[in-house]
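S.K.: Dumping the structure here so I can ask a few things about it.
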Amino acid sequence: MKHPRIHDAEQAIVNGLSVDVEDWFQVGAFENVIDRSDWDGIALRVEDNVLRILDMFAEADVKATFFTLGWVAQRKGPLMRRIVEAGHELASHGWDHTRVFTFDRQQFADDIRKARETLEDAGGSEVCGYRAPSFSIDQRTPWAFEELAEQGYSYSSSVAPVKHDHYGWAEAPRFAFHPLPDAGLVEVPVTTAMFRGKRLAAGGGGFFRVLPYGFSRWAIRQVNRQDQRPAVFYFHPWEVDPQQPRVRNAPLRSKLRHYTNLDRMAPKLRQLILDFEWGRMDALASREADKLDRQKVAA
């Protein structure tokens, strides 16, 4: 059933809704306490959590993009097909959540190629979008966009144009841009809002979970109404799973970031989905690319 959106002023702008599909033990917060060699010995919870999300999206009649690790797709092929059959976009989140700035170009090329091939085989659909783990494309990786373009990706959503201790490229544009002068690849950064001349992270994840819902509603309204641009929002399947295991030996800061307000996440997501218009990232990227092309011609 299609639920009416609350705020009619945002109806003309369709925002990008995305899910970064990784399991609870694959996150950057735990990368120094859970070794990748131990992953296959840990019970997966990602499938049940993604199914809950699919039900939530179906209830609200919205479509989204699932940026998925190749590692997950290799082990959960039927789930990839469920995502595609429900009308959502299946896109790449790399192979195993290794940050891009830790690669050299050849390692990055191998990672995104392997992930894409696995995703396309599992889901039975073309993969044209990519999101770097932990938004790890920045000024240190000038070759990353070149490699994505060479491999035929049409868009990326891999830049967080803010200052952050975990990620960020503060000098990057806030909204969609062509990172290469002679390629059609478009980068669609995760959303930021402006407050007193400073950029604030406002595109989801831990900020959405920890801060009051009113902050995210204010930020997306600002982007839609004042900037007249679509917002890009993301979250993770483990964020709707308050019963997930606790990593006792993780640093306190990591535990606070990861576990705070897990029990409140699903209701907040339902409210967000009702308050704004949402769609897939490939459609949003296509509209933004067309807009950039028109601006280029006009100039």
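The values are calculated or read from the model by the stated rules, or taken from the named source; none is laboratory data. Keep in mind that what you see is a predicted model, and the values were worked out from it rather than measured. A quick note on method: Cβ atoms are made from the backbone with ideal geometry, for glycine too, and the neighbour counts reach across all protein chains shown. Heavy atoms of the whole protein, side chains included, go into the accessibility calculation; ligands, DNA and RNA do not. Shrake-Rupley method; radii C 1.70, N 1.55, O 1.52, S 1.80 Å.
S.K.: From 274, 269, which residue is under 26 Å from residue 13 (Cβ atoms) and touching a His at 6+ places or on another chain (Cβ under 6 Å)?
M.R.: 274
S.K.: Every residue in the stretch 200-226 that is open to solvent by less than 50 Å² (accessible area, probe 1.4 Å) and in a loop (DSSP other than H, G, I, E, B), please.
M.R.: Of everything in the stretch 200-226, those that are open to solvent by less than 50 Å² (accessible area, probe 1.4 Å) and in a loop (DSSP other than H, G, I, E, B) turn out to be 202, 203.
S.K.: Do you know which residues across the stretch 94-113 are of a type in the set (D, E, K, R), surrounded by fewer than 18 Cβ atoms within 10 Å (Cβ to Cβ) and part of a helix (DSSP H, G or I)?
M.R.: Correct list: 105, 110, 113.
S.K.: While we're here: Which is in contact (Cβ under 8 Å) with a residue 24 or more places away in the chain and in a helix (DSSP H, G or I), of 144, 160?
M.R.: 144
S.K.: Here are some residues: 247, 240. Which one is surrounded by 18 or more Cβ atoms within 10 Å (Cβ to Cβ), among the β-branched types (Val, Ile, Thr) and more than 17 Å from the chain's Cα centre (by Cα)?
M.R.: 247
S.K.: Identify all residues within the stretch 264-284 that are open to solvent by 10 Å² or more (accessible area, probe 1.4 Å), assigned to a helix (DSSP H, G or I) and touching a strand residue (DSSP E or B) at 6+ places or on another chain (Cβ under 9 Å); write none if there are none.
M.R.: The answer is 282, 283.
S.K.: Out of 214, 206, 279, report the one residue that is modelled with pLDDT under 95 and small (Gly, Ala, Ser).
M.R.: 206
S.K.: Let me ask something else about it. Which of the residues spanning the stretch 44-70 are under 15 Å from residue 243 (Cα atoms) and outside any loop (DSSP other than H, G, I, E, B)?
M.R.: Selection gives 46, 47, 48, 49, 50, 52.
S.K.: Which of the residues spanning the stretch 17-68 are open to solvent by less than 10 Å² (accessible area, probe 1.4 Å), more than 23 Å from residue 285 (Cβ to Cβ) and not hydrophobic (A, V, I, L, M, F, W, C)?
M.R.: Across the stretch 17-68, the qualifying residues are 23, 26, 49.
S.K.: Quick one: which residue in 291, 296 is open to solvent by 30 Å² or more (accessible area, probe 1.4 Å), under 15 Å from residue 176 (Cα atoms) and in contact with a His (Cβ under 9 Å, 6 or more places away or on another chain)?
M.R.: 296
S.K.: Further question: Please find, within the stretch 147-157, the residue that is nearest to residue 281 (Cα to Cα) out of those that are assigned to a loop (DSSP other than H, G, I, E, B) and open to solvent by 30 Å² or more (accessible area, probe 1.4 Å).
M.R.: 154
S.K.: Take residue 81 and decide whether it is modelled with pLDDT of 95 or more, crowded, with 23+ Cβ neighbours inside 10 Å and within 20 Å of residue 280 (Cα to Cα).
M.R.: no
S.K.: Being at pLDDT below 95 and either in contact with a Pro (Cβ under 6 Å, 6 or more places away or on another chain) or aromatic (Phe, Trp, Tyr) (or both) is the filter here, so list the residues in the stretch 179-203 that pass it.
M.R.: The answer is none; no residue qualifies.
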